[in-house]
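The values are calculated or read from the model by the stated rules, or taken from the named source; none is laboratory data. Since this is a predicted model, take the numbers as computed values, not measurements. Heads up, the Cβs are rebuilt from the backbone with ideal geometry, glycines too, and the neighbour counts pull from every protein chain shown. Areas reflect the complete protein model, heavy atoms only, side chains present, ligands, DNA and RNA absent. Shrake-Rupley method; radii C 1.70, N 1.55, O 1.52, S 1.80 Å.
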Amino acid sequence: MNIWLRRALWTLLIAIIVHLATVYAVPRVIMGLAINRYAALVKLNTPLRPPLPDARARRVVQPSPDLLYVACAYDLGEGPLLVTGEIPDTYWSVSFFAANSDNFFVLNDRQAKEKRVRIVLAADGAPPVEGAQIVISPSWRGVVLFRTLVLDLADLPMLQRFQQTMSCETLSR
Amino acid sequence: MIRRLLWGLSILVLGASLGLGSAWALINAPGFGKSAQVGAWRIDLFTGSTTADMYTRARIAVILFLALNREETIYYVASTDDRGWPLRPSCVYKVEGRVQAARWWSITAYGPDYFLIDNPIRRFSFNMRSVRPDAAGRFAFVTAPTEQSGNWLPTPTRDQFYLTYRLYNPAPEIGAHPERLDPPKITREGACE
C-alpha cells in the first residue's frame, strides 16, 4: 500500500476514534465536573439551596430566573439517598439526572399523590422505607434537582420556606 | 527510526485534532442529531431523554445542562430572527406570539455564555404572568440593549445572545409533536445601531 495512503488512513482512523470518544465523554465529563463543584460547596448527598437565579448565577447554564432550585449531587456508594420535601401550590418538580446527564425520572406537583414527597434513590435495590417511593438510578453518581415556580416575587419568602424542606440525605446501610 | 517516530507523532496529533475539532463542531451544530427548526426556534427532540442520541446528549449537556425531558418541559432555543439572521446585540427585535396550551411558559434572554444578562431593571425573562396577552390571546415584547417603552427585555450591549422559550407541562399534542408548534415570531425592528 502506498505510504501516503497508509498515513491518511491512520490519520482518519485516529480522528474517528477521538471524535466518537469526545462526543461520548462530553456529557459525562460535564456531569462529573458539576458533581465535584457541588461537592466542594456543600458535600455530596446534601442539599444546595441557591437564591432565585440572576446574572450572578453561573453554576449551571441557562438557569430559569423564575424557578427556585434545590440541588443534591449524589453518590450512592455511601448508601441509598432519601429525597424529601413539601410541595407548594405552584409548579414544582423533582428530577433525577444520571452520570451521563439523562433525566431518568421526574415527578411534578400534579403527579404527586400527597403534598409531600419521599423518594428513596438506590443503585441496586434499596431497604424498604415506610411511605417512600423507590427509584433505581442507572448510575452511582448523579444530580437531584428540585424546581419551584415563583410566579410573583411577593410569594418568594413563603416559597423559600418550602425550599428549606426540600432535602436529601444518605440512608445508612 | 526517528523519522518514523516523527511521522507517527504527526499523524497522532493531526488525527486527534481533526477528531476533537469535528466533535466540537457537530456538538454545537444546530440540526445535527434529532432536532427540528420551528420558525426561528430550534428544538432538540430528545432533550433529557434516556433514548437521546449521543450528539443530542452532548449538545444538551453543553447548552441546556440538567434540562427536563419533553413530557415535562419543552425548550425551544433561538439564535436567529425569523429571517435566519443571528440575533445581534445592536438590534431591536419584536417577539410576538400566541399563548400555547401549556401550564406555564417563559421566554428568557441569555448571553453568549448561556447565562442570564446583567441589566439595570433586573428583568431576565417574560412569562405568562409578566406579559399580558390581548383578547385574541397574543402577546408581544421587544428585546433591545437600551431601554424601550412598554415590555422591554434587556439584551447584551455586545456579543450574540439567545432566547429560550420554555413550555412547562405542555398539552399532550404539543408534547407529541413539538415541531408543529406555531412559535413566537422574532422580527427585527428598524435599523440596528
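Among the listed residues A:Leu121, A:Leu151, A:Leu107, identify the single one that is outside any loop (DSSP other than H, G, I, E, B) and over 22 Å from A:Gly32 (Cβ atoms).
A:Leu107
What are the pairs with Cβ atoms under 6 angstrom where one residue, in region B:85-108, is within 13 Å of B:Val131 (Cβ to Cβ) and touching a residue at least 60 places away in the same chain (Cβ under 8 Å) and the other, located anywhere, is charged (D, E, K, R) and outside any strand (DSSP E or B)? Sequence gap at least six, or different chains.
Between residues of region B:85-108 that are within 13 Å of B:Val131 (Cβ to Cβ) and touching a residue at least 60 places away in the same chain (Cβ under 8 Å) and residues that are charged (D, E, K, R) and outside any strand (DSSP E or B), the close pairs are B:Ser106/A:Asp66.
For the subset of region B:102-124 comprising residues that are at the interface with chain A (Cβ under 7 Å from one of its Cβ atoms) and out of contact with any strand residue (DSSP E or B) (no Cβ under 6 Å at 6 or more places or on another chain), which member is farthest from B:Pro86 (Cα to Cα)?
B:Arg122
Being modelled with pLDDT of 95 or more and more than 14 Å from chain A (Cβ to nearest Cβ) narrows it down to one of B:Pro133, B:Pro184, so name that one.
B:Pro184
Which one of these does A:Ala55 not meet: (1) touching an Asp or Glu at 6+ places or on another chain (Cβ under 6 Å); (2) surrounded by 18 or more Cβ atoms within 10 Å (Cβ to Cβ)?
Answer for A:Ala55: the failing condition is (2).
Within region A:154-173, is there a residue that is open to solvent by 10 Å² or more (accessible area, probe 1.4 Å), within 13 Å of chain B (Cβ to nearest Cβ), without any contact (Cβ under 8 Å) to a residue 12 or more places away in the chain and part of a helix (DSSP H, G or I)?
There is at least one residue in region A:154-173 that is open to solvent by 10 Å² or more (accessible area, probe 1.4 Å), within 13 Å of chain B (Cβ to nearest Cβ), without any contact (Cβ under 8 Å) to a residue 12 or more places away in the chain and part of a helix (DSSP H, G or I).
Has region A:77-95 got any residue that is open to solvent by 30 Å² or more (accessible area, probe 1.4 Å) and either in contact with a Leu (Cβ under 7 Å, 6 or more places away or on another chain) or assigned to a helix (DSSP H, G or I) (or both)?
Yes, there is a match, as at least one residue in region A:77-95 is open to solvent by 30 Å² or more (accessible area, probe 1.4 Å) and either in contact with a Leu (Cβ under 7 Å, 6 or more places away or on another chain) or assigned to a helix (DSSP H, G or I) (or both).
If the requirement is being touching a helix residue (DSSP H, G or I) at 6+ places or on another chain (Cβ under 9 Å) and under 24 Å from B:Phe126 (Cβ atoms), which of these qualifies: A:Leu121, A:Leu67, A:Leu149?
Going through A:Leu121, A:Leu67, A:Leu149 in turn, just one is touching a helix residue (DSSP H, G or I) at 6+ places or on another chain (Cβ under 9 Å) and under 24 Å from B:Phe126 (Cβ atoms): A:Leu149.
Can you tell me which residue among A:Ala25, A:Ala21 is surrounded by fewer than 20 Cβ atoms within 10 Å (Cβ to Cβ), within 8 Å of another protein chain (Cβ to nearest Cβ) and modelled with pLDDT of 95 or more?
A:Ala21
So, in region A:29-80, exactly how many residues are touching a Phe, Trp or Tyr at 6+ places or on another chain (Cβ under 7 Å), more than 18 Å from B:Leu64 (Cα to Cα) and aromatic (Phe, Trp, Tyr)?
Qualifying residue count, region A:29-80: 0.
Can B:Val131 be described as farther than 22 Å from B:Arg42 by Cβ, out of contact with any His (no Cβ under 6 Å at 6 or more places or on another chain) and hydrophobic (A, V, I, L, M, F, W, C)?
yes
Tell me, please, whether a residue that is surrounded by fewer than 20 Cβ atoms within 10 Å (Cβ to Cβ), facing another protein chain (nearest Cβ under 10 Å) and within 15 Å of A:Asn103 (Cβ to Cβ) can be found in region B:66-74.
Yes, that holds for at least one residue.
Going through B:Ile74, B:Ile117 one at a time, which residue ends up being modelled with pLDDT of 90 or more and under 24 Å from A:Asn108 (Cβ atoms)?
B:Ile74
For region B:133-171, how many residues are part of a strand (DSSP E or B), in contact (Cβ under 8 Å) with a residue 60 or more places away in the chain and over 17 Å from B:Ala78 (Cβ atoms)?
Of the residues in region B:133-171, 3 are part of a strand (DSSP E or B), in contact (Cβ under 8 Å) with a residue 60 or more places away in the chain and over 17 Å from B:Ala78 (Cβ atoms).
Do we have any residue at all in region B:4-23 that's open to solvent by 60 Å² or more (accessible area, probe 1.4 Å), over 22 Å from B:Asp113 (Cα atoms) and not in a helix (DSSP H, G or I)?
Within region B:4-23, none of the residues are open to solvent by 60 Å² or more (accessible area, probe 1.4 Å), over 22 Å from B:Asp113 (Cα atoms) and not in a helix (DSSP H, G or I).
Is there a residue in region A:84-93 that is modelled with pLDDT of 95 or more, in contact with a Gly (Cβ under 9 Å, 6 or more places away or on another chain) and small (Gly, Ala, Ser)?
The answer is no; no qualifying residue exists.
Suppose the filter is among the charged types (D, E, K, R) and either in contact (Cβ under 8 Å) with a residue 60 or more places away in the chain or over 14 Å from A:Ser95 (Cα atoms) (or both); does A:Arg118 pass it?
It is false that A:Arg118 is among the charged types (D, E, K, R) and either in contact (Cβ under 8 Å) with a residue 60 or more places away in the chain or over 14 Å from A:Ser95 (Cα atoms) (or both).
Quick check on my filter: what residues within region A:96-107 are open to solvent by less than 10 Å² (accessible area, probe 1.4 Å) and either under 25 Å from B:Ala171 (Cα atoms) or within 7 Å of another protein chain (Cβ to nearest Cβ) (or both)?
A:Phe96, A:Phe97, A:Asn103
Please pick out the residue among B:Ser35, B:Ser49 that is more than 8 Å from every other protein chain (Cβ to nearest Cβ) and either open to solvent by less than 20 Å² (accessible area, probe 1.4 Å) or modelled with pLDDT under 90 (or both).
B:Ser35
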